[in-house]
Amino acid sequence: VNGNLLEIGFWQPLLVRTVSVGDEPTPIRILYISDIHLRPHRSKRLCDQILVAARSAAPDVVLLGGDLTDRRSELHHLSVLVTQLRQLAPVLVVAGNHDLNLGVSLVREAVDSGGGMWIHDSMELISHGSRVISIAGPDYRTEPEDREEAGRNDVRILCAHNPRIWKTARDQSFDLVLAGHLHGCQFVAFEYHDRLYPGAWFYPYCYLNHRGQRSMLVVSRGVSDLIPIRWRCPREVVLCLV
Ligand SMILES: [Fe+2]
């Protein structure tokens, strides 16, 4: 279904793209959902599609990667979505540029009231079997003593929105860096050296998956866009097996 070249509107189901990071025999299943862009006349359908995709992904933790809501009127849809996702797994959330425009305290309130955890400027530890996974937001700044503490965790993940963060995060010994923010790159002519073109001519971090020396960057193509036309660029959520 998602192999279609052209999608106009939001009629196709979301792709669940699976990415393996590492070779753990019983990996933690991290579902990254970004760029939902809740707006009037589309919120209900997008939330339903996300729930279908999330249930099929069977996640251990759900990350919402920003650009969640474009309008104040849609904040209650975000709360309900977080409440429903919470029935599957803990939900950790960061803001994107659209959430900052709307007012980060409003978005945070909606997330809190749904039972989600706001990690934009903090870090959460999740246990999985005998391992400890740290998941930090983009504005979390580690003190040297925190860094030592975090370094003892088995897996370190950075949950961000704008893939530009790769420029600095690639050398900070995260095992996995997650981003979205597809803006303007939803027409894909070809892939070259992990990047999507023509988007990468304008946005240097227009990657899908990219392995650095120490870390791996995974960029989601997101759940929706302001202008609902895509070509060879399926709307998706990303399931990382870490
Ligand atoms: Fe964005």
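The values are calculated or read from the model by the stated rules, or taken from the named source; none is laboratory data. In this text, all values refer to a predicted model and were calculated from it rather than measured experimentally. With ideal geometry, Cβ positions are generated from the backbone for all residues, glycine too; neighbour counts draw on all protein chains shown.
Here are a few things to note about the model shown:
Residue-by-condition table, conditions (1) over 15 Å from the mean Cα position of the chain (by Cα); (2) closer than 30 Å to ARG45 by Cβ; (3) charged (D, E, K, R):
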site	(1), (2), (3)
ARG170	yes, no, yes
GLY180	no, yes, no
ALA189	yes, yes, no
TYR192	yes, no, no
PRO204	yes, no, no
GLN213	yes, no, no
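Per-residue answers, yes or no, for (1) away from the ligand (no atom under 16 Å from the Cβ); (2) over 22 Å from GLN12 (Cα atoms); (3) among the hydrophobic types (A, V, I, L, M, F, W, C); (4) crowded, with 22+ Cβ neighbours inside 10 Å:
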site	(1), (2), (3), (4)
ASP67	no, no, no, yes
HIS76	yes, yes, no, no
GLY96	no, yes, no, yes
SER105	yes, yes, no, no
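- Strands (runs of 3 or more DSSP E) within segment 131-207 that include 2 or more residues modelled with pLDDT of 95 or more: 131-136, 155-159, 176-179
- Lone qualifier among LEU92, LEU78, LEU100, LEU106 - being of a type outside the set (Ser, Thr, Tyr) and either touching an Asp or Glu at 6+ places or on another chain (Cβ under 7 Å) or not in a helix (DSSP H, G or I) (or both): LEU92
- Taking the conditions (1) of a type in the set (Phe, Trp, Tyr); (2) within 16 Å of the ligand (Cβ to nearest atom); (3) touching a residue at least 24 places away in the same chain (Cβ under 8 Å) in turn, TRP231 satisfies each one other than (2).
- Considered as a group, the residues in segment 163-201 that are of a type in the set (Gly, Ala, Ser) and in contact (Cβ under 8 Å) with a residue 40 or more places away in the chain include one that is farthest from the ligand (Cβ to nearest atom), and that residue is SER173.
- From the options VAL93, VAL61, VAL82, residue that is in contact with a Pro (Cβ under 6 Å, 6 or more places away or on another chain) and either modelled with pLDDT of 95 or more or closer than 25 Å to CYS185 by Cα (or both): VAL61
- Restricting segment 56-70 to residues that are in contact with a helix residue (DSSP H, G or I) (Cβ under 7 Å, 6 or more places away or on another chain) and of a type outside the set (A, V, I, L, M, F, W, C), the residue that is nearest to HIS183 (Cα to Cα): ASP67
- Residues that are assigned to a loop (DSSP other than H, G, I, E, B), within 16 Å of the ligand (Cβ to nearest atom) and out of contact with any strand residue (DSSP E or B) (no Cβ under 9 Å at 6 or more places or on another chain) do not occur anywhere in segment 42-65.
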